[in-house]
Amino acid sequence: MSTTCGLFARYGAWLRVPAHTRPLSLCEGGTPLIPMPRLAQRLGGGFDLYVKFEGMNPTGSFKDRGLVVAVAEAWGRGASAVICASTGNTAAAAAAYAARAGLRAVVVIPQGKVALGKLAAALAYGARVVQVQGSFDDALRLVRQAVERFPIALVNSINPYRLEGQKTAAFEIVDALGRAPDWLALPVGNAGNITAYWMGFTEYHAQKGTGLPRLLGVQAQGAAPLVLGRPVPRPETVATAIRIGRPARGEEALEAARASRGRIIAVPDEAILEAQHWLAQEGLWVEPASAAGLAGLAAEIHAGRLDPRGKTIVVVCTGHGLKDPDAILHRAPRLPSIPPTLQALEPHLT
Ligand code: F0G
């Protein structure tokens, strides 16, 4: 399949993939970089704030960037099936790109801990969905074992082609701003994305001298192995996408944060939900995990550890709110129910 849109069309020359790779596309990438002046004011003002809204990808998360490349490589080498462990978004993206290529997809998810829209997406795209009585980390251990015994391609971010795809988000930010931002804040779960962003920024900088951002990686307090310095056996957070206790690319993530003169921090669930609400007040609905970057930025600014003045800061919102409607509905007030008369509607108009 030749591609006229998407990552291979736009950044194909930058992707280090084997010659057998067979490009495909759902026109992923090209997501908006949205100015957030009012939100910057809320955080104290005096700086330029942007949201890179990755929820605008075809399956509603940044995972499409990684999966399009990982599936293209697997497809080109003749694989007939792909497998991943997932908190949900990887599953949806793997299922969609496998469908596009005509491959089977098996997704292994932690039972009861995957947001509704993600589960529905994986099923809609025709994946075989297996629930594990355990965590994401258990699911990842299982799929690693499975690919040693069975001819099925692993498409978690241990797969290097995932990072090749995901690094293109850094290219897009630099292409939009004309240079790298001063800070990039983003959620960290299995730690592939922060690793990929750093690859993207450093590769562009090496070729074009576009500068390097400082990275602020943000974990949820109940699932913060990179902040604690040890695995978390039973991670827990409202941000189910990053409910991960043993990140596969943890070492690289810490190294990326260090090399960038940034850091990885943890924020409580309440701060994540508050940041989700702030974004919604700007017209952006993101899933809870996606708001962690903003929550972390706000915490660092308020604590006086990050001086934003005069800076350009990009917050990555990794996935769309539509993926996790329960996160909103669980907290929604009881809705009024009225007979169909104007009189009954009237009290609700002010
Ligand atoms: N934000 C969202 C919405 C995610 O789905 C994930 C990871 C992350 C952030 C963290 O990215 O793992 O590269 O550090 N979701 C994975 C999944 C684990 O299975 O969908 P990371």
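Quote the FRET efficiency, to the nearest 0.05, computed for Ala19 versus Arg104 with a Förster distance R0 of 25 Å and r equal to the Cβ-Cβ distance. Efficiency for this residue pair is about 0.55. Annotation: amide H-H contacts under 5 Å for Val82 (H modelled 1.01 Å from N, sequence separation of 5 or more, or interchain): Arg104, Ala105, Val106, Ala153.
Packing order of peptides 302-310, 146-154, 279-287, highest average first: 279-287, 146-154, 302-310 (average count of other Cβ atoms within 10 Å over each peptide's residues).
Farthest toward the positive end of the dipole of the chain, out of Gly304, Ala170, Ile34, is the Cα of Ala170, where the dipole comes from beta carbon charges about the Cα centre.
Each residue, Phe150 and Glu251, gets one label point 7 Å from its Cα in the Cβ direction; the gap between the two is 2.9 nm. Listed by chain and number, the aspartates and glutamates placed with their C-alpha closer than 14 angstrom to that of Lys118 are Asp64, Glu287, Asp324, Asp326; residues fewer than eight positions away on the same chain are left out.
Report note on the peptides 258-264, 318-324, 84-90, 96-102: ranked by the mean count of other C-beta atoms within 10 Å, highest first, their order is 84-90, 318-324, 96-102, 258-264. Counted over the chain, the DSSP beta bridges are approximately 15% antiparallel. When region 208-350 is described by a simple charge dipole with +1 on each Lys and Arg Cβ and -1 on each Asp and Glu Cβ, the residue from Leu228, Gln281, Ser260 located farthest towards its positive end is Ser260. Projected label points at Lys311 and Ala344, each 7 Å from Cα along the beta carbon direction, are separated by 5.3 nanometres. Straight-line cross-link partners of Lys113 among the lysines, defined as a Cα under 24 Å from its Cα and at least 8 positions apart when in the same chain: Lys63, Lys323. Note on Lys208: aspartates and glutamates with a C-alpha under 20 Å away, same-chain residues under 8 apart excluded, are Glu164, Glu172, Asp175, Asp182. Rg of the Cα atoms in the chain, relative to 2.2 N^0.38 Å, amounts to 0.98. Magnitude of the charge dipole for region 263-314, about its Cα centre and with charges confined to Cβ atoms of Lys, Arg (+1) and Asp, Glu (-1), is about 320 debye.
For the peptides 341-347, 229-235, 188-194, residues were scored by their other Cβ atoms within 10 Å and the scores averaged per peptide; the highest-first order is 188-194, 229-235, 341-347.
Taking the Cα centre of the chain as origin and assigning +1 to Lys and Arg Cβ atoms and -1 to Asp and Glu Cβ atoms, the resulting dipole is close to 680 debye.
Distances between placed amide hydrogens fall under 5 Å for Ile34 paired with Val51, Lys52, Phe53, all partners being 5 or more residues away or on another chain. Computed from the C-beta positions of Val130 and Leu322 and an R0 of 30 Å, the FRET efficiency is 0.80 to the nearest 0.05.
Coordinate-derived values only; no laboratory data. Please read these numbers as outputs of a predicted model, since none were measured by experiment. In this analysis, Cβ positions are derived from the backbone assuming ideal geometry, glycine residues included, and neighbour counts consider all displayed protein chains.
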